[in-house]
Amino acid sequence: MREAGDAFEHACRSAGELGAGTLVVVGRFDLAEFALVLEPDEPLAVARRIFFGGMTALVDALSAVAPPQRSIAIDWPGTLLVDGGPVGGGRLGWPRGTKETMVPEWLVFGGMIRTVSMSGAEAGLHPHSTALQEEGFDPAGSDRLLEGFTRHFLTVTDCWYENKFAVLSKSYAAKLHSGENSSYKIDEQGDLLIRRPARPVERRKLRSALDVVSWLDPDTGVPKI
């Protein structure tokens, strides 16, 4: 798609026509933006857990092209962090009105990563956000990042079809940005369990977490600064 396009919205709007495995890409200088169409054969309550696979593949792809000494992590559920600064993230869409017990006609995993800052401000003036170029990534590496995502996602789908969600969820949990004295686990429902010493286990539900794309600016349609 051209720069003015929205990969995620287009994929969700046209998923039925595009079909499973379609990868929608927007050609932008400042963003690596894509959306992948999936056709699950399980109820929504189970199928939405593929979100963890998408995020795992995205982190693995980003790590493969990262400069040395750069930490790549996830802030629950879908914000991507490079050395603690958000660069974008992933999200999941499905048909409106689909009940938890119904098999959705499609799912769409979308990813968006800020490759170059277009704010015009000097690096470091926005300490709560960053861009890949500011972190020393190759500015021409968007294609490699996308290729890497598709390869890693194929590994994820193999794991999914072999009923190894525990392996997938453990990989995702290990990539979460960890707080002091905290441990993370994803349960069978896809909810995040946070354990801290001398405190009750905290549960964060995946369903409600996916309703809010915290890393996306709703006014501009790009990652927040």
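Values computed for the structure shown
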quantity	calculated
The range 165-190-the range 3-45 distance, computed between alpha-carbon centres (Å)	26 Å
Quarter of the Cα convex hull surface for the range 1-109, i.e. its orientation-mean projected area (nm²)	7.4 nm²
FRET E, pair ASP143, HIS177, Förster distance 30 Å, beta-carbon r, rounded to 0.05	0.65
Residue-span extension gain [ASP41 to VAL212] - 0.36 nm each, minus C-alpha spacing	59.1 nm
Under the Debye formula (equal points on every Cα, no solvent term), log10 I(q)/I(0) of the range 33-88 at q = 0.12, 0.16, 0.18 Å⁻¹	-0.34, -0.56, -0.68
Accessible area of HIS10 in the full protein assembly, 1.4 Å probe (Å², nearest 10)	50 Å²
Selected from ALA45, ALA32, GLY19, residue furthest toward positive end of dipole (the range 1-115; charges at beta carbon)	ALA32
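The values are calculated or read from the model by the stated rules, or taken from the named source; none is laboratory data. All values reported here derive from a predicted model rather than from experimental measurement. Cβ: placed from backbone, ideal geometry, glycine included. Neighbour counts: every protein chain shown. Heavy atoms of the whole protein, side chains included, go into the accessibility calculation; ligands, DNA and RNA do not. Shrake-Rupley method; radii C 1.70, N 1.55, O 1.52, S 1.80 Å.
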